[in-house]
Amino acid sequence: MRFEICTLFPEFFHSFFTTGLVARAVDNGILSYAIHNLRLHGEGRYRSVDDAPFGGGAGMLLKYDVIRKSLEATGERPVIHLTPRGRVLNTSMAKRLASLPGVTLLCGHYEGIDQRILDRAVGMEVSIGDYVLGGGETPAQVLIETIARHLPGFLTEASLEAESFESGLLEHDQFTRPREADGVPVPGVLVEGDPKRIAAWQRENALWRTWRRRPDLFARQTLADCDFDAIHGKIVTHFSIRPQETP
Ligand SMILES: C[S@@+](CC[C@H](N)C(=O)[O-])C[C@H]1O[C@@H](n2cnc3c(N)ncnc32)[C@H](O)[C@@H]1O
């Protein structure tokens, strides 16, 4: 999959594309990228890219022509603008985007971008969460890696399947050696080696973590009776210890 990235800060992407799984995917041809420096399309002696908003207000906006010229240079691809005003990124969105041959990512800066070029050229707006960062570079990296994890060959199927959100639940707790750390042992079932009991423990633990931490996710699951049976005891204990607390 091809990523064209329009940014005022190309250097932001250097370590991202040359480190870890993302670098390996680039080497293996699973993903490719080009960085387009918005500054090259700036105006005047100082290659100015921004101007004050009409109607007043704090900060500056990236100008229409700067963005237009940069997007024209990237060629024909769906353009995704990273913005806190976009649809919040999730796994199903990333899976859908991973089926495309390529996308152009537009990273904003300052207070944002002239709305007219967004209306004209942008196909989709994506937010990485309900908070505001200074620029779209970190959100673009989050989006690229989230998509890349669903590209064939980026991860093994097995490691993807167990991840949080894949089954609609948070992932179960995990432990490694030593078997006991500061007096706290690894849950016995995990070291006994019975695959059925281990799978049941992992399911129960994932259900419990999700119920406690992400009731919104839990509520969306279609669960079997045995799932409720698995965590029923924990829920009862939870409310008997903290009767005032609601999940
Ligand atoms: C300071 S922010 C602008 C925020 C904008 N004035 C607003 O209130 O919606 C500058 C740039 O950072 C990026 N950005 C900040 N937070 C983001 C988020 N949660 N998701 C995606 N992009 C974000 C966008 O590209 C945005 O144009």
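The values are calculated or read from the model by the stated rules, or taken from the named source; none is laboratory data. Not measured: the values here are computed from a predicted model. Here the Cβ positions follow ideal geometry from the backbone for every residue, glycine too, while neighbour counts run over all protein chains shown. Accessible surface is based on the protein model in full, side chains and every heavy atom, while ligands, DNA and RNA are left aside. Shrake-Rupley method; radii C 1.70, N 1.55, O 1.52, S 1.80 Å.
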(message) What's the number of the only condition in (1) within 16 Å of the ligand (Cβ to nearest atom); (2) within 30 Å of Pro152 (Cβ to Cβ); (3) surrounded by fewer than 16 Cβ atoms within 10 Å (Cβ to Cβ) that Ile35 fails to meet?
(response) (3)
(request) Please work out if Glu192 is at pLDDT 95 or above and more than 16 Å from the ligand (Cβ to nearest atom). (result) yes
(request) Please specify each residue of segment 18-65 satisfying the condition of being aromatic (Phe, Trp, Tyr) and outside any helix (DSSP H, G or I). (result) Tyr33, Tyr46, Phe54
(message) at pLDDT 95 or above and closer than 26 Å to Ile35 by Cβ: is that true of Arg87 in this structure?
(response) yes
(message) I'd like to check something: does segment 196-207 contain any residue that is outside the structural domain of Ser92 (by TED's automatic domain parsing) and surrounded by fewer than 11 Cβ atoms within 10 Å (Cβ to Cβ)?
(response) yes
(message) For segment 113-127, give me the residue count where each residue is touching a helix residue (DSSP H, G or I) at 6+ places or on another chain (Cβ under 9 Å), over 19 Å from Gly42 (Cα atoms) and more than 6 Å from the ligand (Cβ to nearest atom).
(response) 5
(request) Exactly one condition in (1) more than 31 Å from the chain's Cα centre (by Cα); (2) under 30 Å from Ala25 (Cβ atoms) is not met by Gly188; state its number. (result) (2)
(request) Could you tell me which of the residues Gly86, Gly59 is farther than 21 Å from Thr146 by Cα, of a type outside the set (A, V, I, L, M, F, W, C) and within 16 Å of the ligand (Cβ to nearest atom)? (result) Gly59
(request) Go through segment 121-212 and tell me which helices (runs of 4 or more DSSP H), entirely inside it, have 1 or more residues that are β-branched (Val, Ile, Thr). (result) 137-148, 188-192
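Give Glu72, Glu76 a once-over and let me know the one that is assigned to a loop (DSSP other than H, G, I, E, B) and without any contact (Cβ under 8 Å) to a residue 60 or more places away in the chain.
Glu76
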(message) It is to be established whether one or more residues within segment 128-139 are open to solvent by 40 Å² or more (accessible area, probe 1.4 Å) and either under 20 Å from Tyr33 (Cα atoms) or away from the ligand (no atom under 12 Å from the Cβ) (or both).
(response) yes
(message) Can you tell me how many residues within segment 113-147 are in contact (Cβ under 8 Å) with a residue 60 or more places away in the chain and more than 17 Å from the chain's Cα centre (by Cα)?
(response) 0
(request) Determine the pairs where a residue that is more than 16 Å from Ala73 (Cβ to Cβ), located within segment 25-47, has a partner that is open to solvent by 30 Å² or more (accessible area, probe 1.4 Å) and modelled with pLDDT under 95 with Cβ atoms under 7 Å apart, the partner being 6 or more residues away or on another chain. (result) none
(message) Suppose we filter segment 91-112 for residues that are within 13 Å of the ligand (Cβ to nearest atom) and either open to solvent by 30 Å² or more (accessible area, probe 1.4 Å) or without any contact (Cβ under 8 Å) to a residue 24 or more places away in the chain (or both); how many remain?
(response) 3
